[in-house]
Amino acid sequence: MPGKSGSANENREPAKTTSACPVCAGIESAKPAEKPLQAAEWRDLTGWGEDQLGSALVALTASCRNLGDQAIWSQVCREATEIQGQDNRALQIWFETRFKPWALTQPDGSRNGLVTGYYEPLIKGSRTSSNHYAHPVFAPPDDLITVDLAELFPELKHLRLRGRIEGRKLIPYYSRAEWTPQEATRTQGALAWVNDPLDLFFMQIQGSGQIQLPDGSRIRLNYADQNGHPYRSIGKWLIDQGYLKADQASMQGIKAWAKANPARMTEMLNANPSMVFFRELSAQGSGPQGAMGISLTPERSIAIDPRHITLGAPVWLATTRPNSDQPLNRLMVAQDTGGAIRGVVRADFYWGSGNDAGSLAGRMKQQGRMWVFMPRAFVPN
């Protein structure tokens, strides 16, 4: 993988000794954080020119339902619709003409980051509870209060508070461990019932899923809200407890451990206090709705941290396929977010629906580099 970028401060002179601080000789002040977006050239993009761009353009056109009204995006969004169907070389020239690539850069100046995968699970369930389908899937509960901090503090536009009212105070909402004993009294809020609590847990982590009903029909569930507690990896918990080694803590490895240790499953699940609530959507479309409210495109949509990347923007991703060194250099579109997706060079690759996609997503924990494409009129802060 590409190495670290050069520092903008490499040639700075060392601090001089002062009479006020004779012991400070040679000690430099703290190095300022690098800017997250740094100008790049098309030749910098690993594998640029090798990808088939047509499906990425379709995903970008979907993003334009949200972006097209913004002045900086209006022209490229209009043209994106007009040029669909053109050959790959023409599409490459169009991207190079209308966009400028910006290298995503960590505060320490490095440009490598973590790339994981996610998918839309397909699990078996029912509209009603039974001994076989005993685990409820909940919509947001009535006592969950969500506070959008941007209404009071615009600079906190990406942050929300979640809690519940006790007396006259807003206190933290129930963690997973605190919620579980209450499930029997909250069944009126259940959207469906499933047969496997671990499958339900992974559906919460993915943020969406499909449930196959006994008659063969399906319902699609999508993220609606969250209990406000931070995400904690159960894979890391298993490693810290000494139950799994780092290379075993994939989704498949976690499921195997849970199957072998059913009495410890609840303890393991409660290691993650975060819990997701769902809403029901149409089962039609190529994928679940992402953070932009549009269907995700398998192998073209990624989840990113919107503090650093504009939702809807094209992103060139240079990484490797799950658990391998095989290159995966592809034009993606930033159409989703996630509770665990934090940082400048950080992405979650959407693989699609079902078991095959789940196998790829569960094994993906790669290093990668990213360049976001912005219209040429864009000027970073």
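When ranked by the protection proxy of mean other Cβ atoms within 10 Å per residue, highest first, what sequence do the peptides 60-69, 80-89, 42-51 form?
The most tightly packed comes first, giving 60-69, 42-51, 80-89.
Non-local amide H neighbours of LEU328 (under 5 Å, H modeled in plane, Pro and chain starts lacking H): which ones?
THR319, THR320, ARG321
Take the Cα radius of gyration of region 191-280 and divide it by 2.2 N^0.38 Å, with N its residue count; two decimals is plenty. Kindly include the intermediate steps, with their values, before the conclusion.
Values: Rg = 14.1 Å, N = 90, 2.2 N^0.38 = 12.2 Å.
The value comes to 1.16.
Please list, ordered by chain and number, the residues whose modelled amide H lies under 5 Å from the amide H of GLY338; skip anything fewer than 5 residues away on the same chain.
Under 5 Å from the amide H of GLY338 lie the amide H atoms of ILE304, each far enough along the sequence or on another chain.
What list of whole percents do you get for P(r) of region 87-158, with Cα-Cα distances grouped in 5 Å bins up to the one holding the largest distance?
3, 9, 7, 7, 9, 15, 13, 11, 11, 9, 6, 1, 0
Looking only at SER55, SER130, SER233, which one moves most when the chain is put into a Gaussian network model with springs between Cα atoms under 10 Å?
Comparing SER55, SER130, SER233 in a Gaussian network model of the chain, the most mobile one is SER130.
So what's region 66-190 giving for Rg/Rh, alpha carbon basis, Kirkwood Rh from the mean inverse pair distance? Before the final figure, lay out each step's value.
Numbers: Rg = 23.6 Å, Rh = 20.9 Å.
Computed over Cα atoms, the ratio is 1.13.
Under 15 Å from a label point 7 Å along Cα→Cβ of GLU267: give me every residue in region 219-257 with its amide N that close.
Under 15 Å, as judged by backbone N against the label point of GLU267, lie 237-244, 257 of region 219-257.
When N counts the residues of region 308-365, how does its alpha-carbon radius of gyration compare numerically with 2.2 N^0.38 Å, as a ratio? Spell out each step's value before the answer.
Numbers: Rg = 11.8 Å, N = 58, 2.2 N^0.38 = 10.3 Å.
This ratio for region 308-365 stands at 1.15.
Quick query: amide H of SER353 versus all other amide H atoms, modeled in the peptide plane; which residues come in under 5 Å with a sequence gap of 5 or more or a different chain?
GLU120
With each pseudo-label sitting 7 Å past Cα toward Cβ, what's the GLU82-HIS132 distance in nm, one decimal?
5.7
Can you give me the three principal axis dimensions of region 26-96 from its C-alpha atoms, in Å, biggest first?
Each principal axis gives a Cα extent; for region 26-96 these are 60, 31, 15 Å.
Over the Cα atoms of the chain, what radius of gyration and what Dmax do you get, in Å?
Looking at the chain, its Cα Rg and Dmax stand at 23.1, 83 Å.
Considering only DSSP beta bridges with both partners in the chain, what is the antiparallel share in %, to the nearest 5?
Numbers: 52 of 64 bridges.
Beta bridges within the chain, antiparallel portion: roughly 80 percent.
What 222 nm value per residue comes from the helices of the chain, counting each DSSP H run with n ≥ 4 as -39,500 (n - 2.57) and dividing by all residues, nearest 500 deg cm²/dmol? Spell out each step's value before the answer.
Numbers: 9 runs with 83 residues, N = 381.
About -6000 deg cm²/dmol.
If the elastic network links every pair of Cα atoms under 10 Å, which of THR97, THR185, THR266 fluctuates the most in the Gaussian network model of the chain?
Per the Cα network of the chain with a 10 Å cutoff, THR185 tops the list.
Relative to the present Cα-Cα distance, how much length would full extension add between ASN355 and GLN252 at 0.36 nm per residue of separation?
Numbers: separation 103, 0.36 × 103 = 37.08 nm, distance 1.11 nm.
Contour length minus Cα-Cα distance gives 36.0 nm.
Rule-based calculations on the coordinates, nothing more; no lab input. As the structure is a computational prediction, the values presented were derived from the model and not from experiment. Here the Cβ is made from the backbone with ideal geometry for all residues, glycine too, and neighbour counts use every protein chain on show.
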